[in-house]
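One structure is given here, and the rest of the page talks about it.
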Amino acid sequence: MNTLVSNKYGLKRVINASGRMSILGVSTIHDSVVDAMKTGAQQYIEMEQLVHKSGEVVANYLGAEDATIVNSASSGIVLSIAGLIAKDNRYAVEKLYQSVHTLPNEVIMAKGHNVDYGAPVETMVNLAGGKVKEVGYANGCKIEQIEAAITSETVAILYIVSNHCVKKGMPTLAEVKEVATKHSIPLIVDAAAEEDLHHYIENSDLAIFSGSKALEGPTSGIVAGKKEYISYIRAHGKGIGRAMKVGKESIFGLLQALENYKEKTDTSAEQLKQLEKLNVLNELTGVKVTVQQDESGRAIYRGRIHIDGSVTKMNALEVVHMLKNGEVAIYTRDYLANIGSFDIDTRPLQQGDMEMIVERVQAILGGETK
């Protein structure tokens, strides 16, 4: 963080070793994106034309029939479902909550996908006037259960791609797509943080991405897919979408981020080299460092620090707490802290951050070396 800005507002400096997380502002953006946002912010534009033209640019890049830029992936969920409920019924768009009880509004979702990613998925469905119909159980869901849940009230199947979701015993996206196609039910895929954008376009009717995660753009989102369904989403600009509108500067910034993404290179070698700096922590008694690839198989590698709480001065949860609450707040990927480990994601780190992380862990745990 720029020191002057940090001091001006009294903000604590943060080292982000957790990944592109919304609670930390997601990503830092390239100078070219900042310049594009400045260009957009400093001129007047017919917003309706910008919305359509920017959608064409995004759709062309993704190989989709059409696309629209929204203000977040969360609003992408809301507007996709609201669009499929109201369709081209102008009265239902403007009077969504008065009309929804007379319209089909069930959204089928595997129970293991109904997660809290910072807000509950079902809250976004409900905000759209939809009603979640959970299928399966917390420890698994069969494709036959999804197919059996389809009725005349079904407006969509929602498939969530996230590290938060249950992985074991879940149907694949390809299986769900086959069932959705068979029954002519729109398939919405929330792939907010995913990098293989084209894959999700090809395997959905509407695919949702965050503009500020893999794309490293400003706070924004993309919904891309069938032209008819995108037109339903745009209609809600005169309905609930008014509260979710995206600014011209964010649209310009996201378009530039998309241009930059075309030139993105594999950084796995640099990630692994950075992670070597964690090996010194193996010298601490009760500490073990390993390297883990991202659960989805993406070329993302993280250092996992295992803490044996019976040997060290404190357990992993306590170490994570201490890291967050130091003079410099160090945020790690701590989903497994309750069972003894936390991860270090190198991608958001800036120069000198890894060294500070190592020093802080050493200072917190101290004690004897092996």
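The values are calculated or read from the model by the stated rules, or taken from the named source; none is laboratory data. Note that the structure is predicted; figures quoted are calculated from it, not measured. Please note: Cβ atoms are built from the backbone with ideal geometry, for glycine as well, and neighbour counts cover all protein chains shown. For accessibility, only protein heavy atoms count, side chains too; no ligands or nucleic acids. Shrake-Rupley method; radii C 1.70, N 1.55, O 1.52, S 1.80 Å.
Overview of results
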{"quantity": "Selection within the stretch 275-299 - touching a Leu at 6+ places or on another chain (Cβ under 7 Å) and open to solvent by 50 Å² or more (accessible area, probe 1.4 Å)", "calculated": "V291"}
{"quantity": "Filtered residues of the stretch 82-100 (kept if in contact with a helix residue (DSSP H, G or I) (Cβ under 8 Å, 6 or more places away or on another chain), farther than 13 Å from K238 by Cβ and either without any contact (Cβ under 8 Å) to a residue 60 or more places away in the chain or of a type in the set (S, T, N, Q) (or both))", "calculated": "S99, V100"}
{"quantity": "Test: residue in the stretch 304-314 that is hydroxyl-bearing (S, T, Y), in contact (Cβ under 8 Å) with a residue 24 or more places away in the chain and touching a His at 6+ places or on another chain (Cβ under 6 Å)", "calculated": "no"}
{"quantity": "Qualifying residue in the stretch 185-198 (condition: more than 22 Å from the chain's Cα centre (by Cα) and open to solvent by 10 Å² or more (accessible area, probe 1.4 Å))", "calculated": "yes"}
{"quantity": "Test: residue in the stretch 101-112 that is out of contact with any strand residue (DSSP E or B) (no Cβ under 8 Å at 6 or more places or on another chain), among the β-branched types (V, I, T) and either open to solvent by less than 70 Å² (accessible area, probe 1.4 Å) or in contact (Cβ under 8 Å) with a residue 60 or more places away in the chain (or both)", "calculated": "no"}
{"quantity": "Count of the stretch 317-346 residues which are over 28 Å from A214 (Cα atoms) and open to solvent by less than 60 Å² (accessible area, probe 1.4 Å)", "calculated": "3"}
{"quantity": "In the stretch 144-166, residue nearest to T102 (Cα to Cα) [restricted to those that are modelled with pLDDT under 95 and open to solvent by 50 Å² or more (accessible area, probe 1.4 Å)]", "calculated": "H164"}
{"quantity": "Hits in the stretch 355-370 - residues which are touching a strand residue (DSSP E or B) at 6+ places or on another chain (Cβ under 8 Å), open to solvent by less than 20 Å² (accessible area, probe 1.4 Å) and closer than 17 Å to G303 by Cα", "calculated": "I357, V361"}
{"quantity": "Residues located in the stretch 258-307, provided they are among the charged types (D, E, K, R), modelled with pLDDT of 90 or more and in contact with a strand residue (DSSP E or B) (Cβ under 8 Å, 6 or more places away or on another chain)", "calculated": "E283, K288, R302, R304"}
{"quantity": "Residue tally, condition basic (K, R) and modelled with pLDDT of 90 or more, over the stretch 341-361", "calculated": "1"}
{"quantity": "Residue list for the stretch 184-228, restricted to those being in contact (Cβ under 8 Å) with a residue 12 or more places away in the chain and part of a helix (DSSP H, G or I)", "calculated": "L197, H198, Y200, I201, E202, K227"}
{"quantity": "Scope the stretch 229-274; condition basic (K, R), open to solvent by 60 Å² or more (accessible area, probe 1.4 Å) and part of a helix (DSSP H, G or I); matching residues", "calculated": "K238, R242, K262, K273"}
